[in-house]
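Participant: The structure that follows is given in the form of structure tokens.
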Amino acid sequence: MEKINRRKALGLVGRWSAGSFLPFSWLLEGCADNSNPSLFNKEYQSILAAIVEIILPETASSPGAKEANVHYFIALIAEECYEVERKDRIIVGLNELLGDRFFEFSAQKQVAIIAGLDEEANSSTQEISHFFKDVKSLTQWGYFSSKKGIIEGLRYNPIPGDYKGCVAYNGEIAWY
């Protein structure tokens with residue numbers, strides 16, 4: 001039998017402890033049911049990018065939601081945080097838009113379609129929450145919590161200066 005010195009023992013312990021941190025979920029990936037589509041695929045990302053840019057478009061003074069990568073934020077939150085039913089509702093709504101050939105319409109028609117979805121989502125006749133409410137609220141949340149949205153979209157001032165309690169209002173919008 002071979003003698004084990006301290007160097008070999010530490011190397012063996014190090015390899016075993018490093019091996020215990022490896023995720024072995026990849027062994028079972030072949031058995032996973034991939035019937036649940038992901039919002040990270042190319043089609044969904046392209047339509048989400050178009051929708052968020054219509055909701056919060058780029059202006060001369062601020063970047064749009066697409067530039068702030070809000071469509072990735074929506075996919076991440078829906079995939080990781082939403083219940084399956086709520087995520088599936090978003091996917092079904094996006095599939096309807098893809099099925100209606102949303103990208104073949106002109107920009108004005110796309111804006112009109114999104115405006116119609118917004119009216120439909122805010123109507124009081126909806127028993128189940130409309131997918132567009134989730135997409136719109138996630139767009140606003142993602143944009144106004146992103147670095148681009150905070151620094152370039154809002155009037156962010158990291159060092160605001162002295163507090164002045166009584167200042168005349170000059171009609172200027174505050175943070176948004």
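Participant: Please give the net charge around Lys8, taking every other residue with its beta carbon less than 14 angstrom from that of Lys8, where Lys and Arg add +1 and Asp and Glu add -1. Present the calculation step by step, with values, prior to reporting the outcome.
Facilitator: On the way: positive: Lys3, Arg6, Arg7, Arg15; negative: Glu2.
Net charge around Lys8: +3.
Participant: Right, here's the next one. Inverting the mean 1/r over all pairs of different Cα atoms, compute the Kirkwood radius of the stretch 39-153 and quote it in Å.
Facilitator: Working: mean 1/r = 0.0696 Å⁻¹.
For the stretch 39-153, inverting the mean 1/r across all distinct Cα pairs yields 14.4 Å.
Participant: Exactly which trypsin sites (Lys or Arg not before Pro) in the stretch 60-110 are in a DSSP loop and have at most 13 other Cβ atoms within 10 Å?
Facilitator: Numbers: sites: Lys66, Arg86, Lys87, Arg89, Arg101, Lys109; in loops: Lys66, Arg101.
Those that pass, being in a loop and sparsely packed, are Arg101.
Participant: Averaging sequence separations of C-alpha pairs under 8 Å and six or more residues apart, then dividing by the length of the stretch 39-153, give the relative contact order as a whole percent.
Facilitator: On the way: 104 pairs, mean separation 40.5, N = 115.
Computed value for the stretch 39-153: 35 percent relative contact order.
Participant: If you take every residue apart from Glu67 with its C-beta less than 10 Å away from the C-beta of Glu67, what net charge results, scoring Lys and Arg +1 and Asp and Glu -1? All intermediate terms of the calculation are to be shown ahead of the outcome.
Facilitator: Working: positive: Lys66, Lys148; negative: Glu53, Glu58, Glu152.
Taking every other residue near Glu67 into account, the sum is -1.
Participant: Taking the Cα centroid of the stretch 40-58 and of the stretch 110-156, what is the distance between the two, rounded to the nearest whole Å?
Facilitator: Each part reduced to its Cα centre gives a spacing of 12 Å.
Every number in this text was worked out from the coordinates using simple rules, so none of it is lab data. All of these numbers come straight from a predicted model, not from anything done at the bench. As a convention, Cβ positions derive from the backbone with ideal geometry for all residues, glycine included, and neighbour counts pool all protein chains shown.
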